[in-house]
1. Give me the dipole magnitude in Debye, nearest 20, for the chain about the Cα centre, with unit charges on the beta carbon: positive for Lys and Arg, negative for Asp and Glu.
2. Within the chain, how many Lys pairs that are eight or more residues apart, or on different chains, come under 18 Å at the alpha-carbon?
3. When a/c is below 1.5 the answer is rounded, else prolate if a/b is larger than b/c, else oblate, so apply that to region 202-350 with a ≥ b ≥ c taken from the square roots of the Cα gyration tensor eigenvalues.
4. Return the distance in nm (one decimal) between the two label points of a simple spin-label model at A94 and L147, each offset 7 Å from Cα along Cα→Cβ.
5. Just the number, please: carbon plus sulfur as a percent of the accessible area of region 42-131, 1.4 Å probe, no ligands or DNA/RNA counted.
6. Given Cα pairs under 8 Å that are at least 6 residues apart, what percent is the relative contact order of region 217-307?
7. Between E116, E145, E105, where does the largest GNM mean-square fluctuation fall for the chain, given springs only between Cα atoms within less than 10 Å?
8. Just the number please: accessible area per residue for region 180-225, 1.4 Å probe, all protein chains included, in Å².
Amino acid sequence: MFRLSRRALLGMLGALPATKALAAMPAAAGQVPLDLVRGIHIDAADPAGIWAEIAQPDDAEAMRGLVAAIMADVRRKPSWSLGWSLATKVAYHAIYRPFGLYMDESDYFAGLLGPELVAKSDMAGLQRLYTLAHAGCSSVMAWDESLGRMVHFRSLDWPSAAAIAKATRIYQGTRADGTKAFSAAGILGMSGLLTAVKPGFSVAINFAPWSGTSFSLNADPTFLVRQLMASPTASYHDAFRLIEAWRPGAPVFISLCGVAKGEACVFELGSARDQQTACNLRPMGEHPYLIQTNHFDDAGPFARHNKPQVLSAPDAAAWDGLTILETSVARQAVLEQALDEAFAGSAAPDLAAALRRAFARPPVWNHETAQWVMMVPQSGELQAWVREA
């Protein structure tokens, strides 16, 4: 199978530059509750039916703003614009159109926006940005003693954070008979899923670093999550068996949370080229929480791929001067400290409040933080907040 290194591919595409830093917000002040819910009719026969509820003007405007922001970065320099255009056109006709998942939906999104903004090949490339571009995320799975349930909390850090916040919607995947299959924190114009829950389990994707050749033509991780959530799979253990066998198109961290106490784990999925080790598992076990940011377990088989880390900075502005992959260990340490304080102060702390406070601390809160999501696998409940405009 044909494969490219992620570095080489990003060089072809004109690796997307980081956006300008946004001002850091004080504790939770910039987290705006999200109440925009859209149905995804997953059994519909065509993309227009599947995505019928996002055809309204506000959604189209937000989708247009996000795509315009990303494409403006791509087109900032002639060399980037040319590299992106050539690579996506070749990939669209030779790979994506004949072999790619959800291509009819990608083409549909392009049609909604119009060729003056984005070509079908551009939109197909944008569907795979989580594979192709460096993004940051922080995830926590923890046992809420006061409510007797597992909680899954995550933030999404990505360039164009403000535009992503405006384009974030709560998706309800619905069957033909009207029953709900899953809930997700979706991004308009993106057919794959990063964060989703159904009664029984929740799943979130975190970007994984890699050195050397990593990219393959296997399915993008976001597509695999969508397939999993739309499938009949309804339990943590069944989802565990499926995810363990995944060989996604790029290295990725998958956090999986269940219903019972301690029912949580992180799958470190390496490059599909690595024939010796496909998956390293980090279970929650007896610990009250499990954290994943954007680095591999130091004791695991993929530790050599971790990026150099910056462990301290004098203030939020200094943190925002760093790349998101340089702050992974520091973000984990901040979350560990906040959770240890919460559990030390009470045998049954207000976990949801503690998590929101923890995720508001720099560098967990940073210039690329676009959204926060809390999921409860026991009920399938999902709450989301977006960055204040």
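1. Details: 33 positive and 36 negative charges, 204 e Å.
Approximately 980 debye in magnitude.
2. Values: K20/K77; K20/K166; K89/K120; K180/K198; K198/K261.
For the chain, the number of qualifying lysine pairs is 5.
3. Values: a/c = 2.01, a/b = 1.14, b/c = 1.76.
Note, shape of region 202-350 comes out oblate.
4. Those two pseudo-labels are separated by 5.0 nm.
5. Values: 2530 of 4190 Å².
Accessible surface attributable to carbon and sulfur in region 42-131 totals 60 percent.
6. Values: 124 pairs, mean separation 19.0, N = 91.
It comes to 21 percent, rounded to a whole number.
7. Highest fluctuation among the options: E116.
8. Working: 710 Å² over 46 residues.
Normalised by residue count, the accessible surface of region 180-225 is 15 Å².
The values are calculated or read from the model by the stated rules, or taken from the named source; none is laboratory data. Bear in mind the structure is a predicted one, so any value in this text is a computation, not a measurement. Reconstructed Cβ throughout: ideal geometry from the backbone, glycine too, with neighbour counts over all protein chains shown. Ligands, DNA and RNA are excluded from the accessible area calculation, which covers all protein heavy atoms including side chains. Shrake-Rupley method; radii C 1.70, N 1.55, O 1.52, S 1.80 Å.
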